[in-house]
1. Tell me which lysines have Cα within less than 23 Å of K34's Cα, excluding those fewer than 8 residues away on the same chain?
2. So what are the ³J(HN,Hα) numbers for the stretch 7-23, from phi and the Karplus equation (6.51, -1.76, 1.60; θ = phi - 60°), rounded to whole Hz, Gly and Pro as x?
3. Which semi-axis lengths, in whole Å and largest first, follow from the square roots of five times the eigenvalues of the Cα gyration tensor of the stretch 1-69?
4. Considering the chain as a Gaussian network with a 10 Å cut-off on Cα pairs, which listed residue, A16, A38, A62, attains the greatest mean-square fluctuation?
5. For labels at H6 and Y31 in the simple 7 Å Cα→Cβ model, what's the distance in nm?
6. Residue-wise, which Karplus ³J(HN,Hα) couplings in Hz belong to the stretch 42-51, taking 6.51 cos²θ - 1.76 cosθ + 1.60, θ = phi - 60°, and x for glycine or proline?
7. Explain nothing, just compute: Karplus ³J(HN,Hα) = 6.51 cos²θ - 1.76 cosθ + 1.60, θ = phi - 60°, for every residue of the stretch 52-65 in order, whole Hz, x for Gly and Pro.
8. Got a number for carbon plus sulfur as a percent of the chain's accessible area, 1.4 Å probe?
Amino acid sequence: MRSLDHTSYTGIKETAELNKPSFITDINNVYVQKMLHALNDIVNQYPKTYFWDFGTDAAYIATVCGIPTVGYSPAEEKYCHSPKDRISISLMQEVLEGYAAICAEIAGK
């Protein structure tokens, strides 16, 4: 397992393991279904359901904490975690609408 030596902006030094295990959340999970309902039926968004080909901190939440986890983002995968990382304003606005719909659906509103 690789590790990363890091110094924070306050000068604190640490070494962190780059532990980003893979995970998958079943498409039939009740929260995944609520999310897809909110996106598809409420805001007419149809995101692909597939794996991301890069690591995220969601791996910790999904594997260590055991919390079903999905990724839904305005970021374009080809730019993620690269020097060209960027987000389109129009995609950010679209995803903001999706986030609101997901939250309302899960909260039962």
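The values are calculated or read from the model by the stated rules, or taken from the named source; none is laboratory data. All of these numbers come straight from a predicted model, not from anything done at the bench. Here Cβ is always computed from backbone atoms with ideal geometry, including for glycine, and neighbour counts include all displayed protein chains. Quick note on the areas: whole protein, heavy atoms, side chains included, nothing else; ligands and nucleic acids left out. Shrake-Rupley method; radii C 1.70, N 1.55, O 1.52, S 1.80 Å.
1. K48, K109
2. 10, 6, 5, 8, x, 6, 9, 8, 10, 10, 6, 8, 9, 10, x, 6, 7
3. Semi-axes, largest first: 33, 14, 11 Å.
4. Evaluated over the chain, the most mobile residue of the options is A16.
5. If labels sit at H6 and Y31, their model points lie 2.3 nm apart.
6. After applying 6.51 cos²θ - 1.76 cosθ + 1.60, I find 9, 10, 6, 10, 10, x, 5, 10, 7, 8 Hz.
7. 8, 9, 7, x, 9, 5, 4, 4, 5, 4, 6, 8, 7, 7
8. 55 percent
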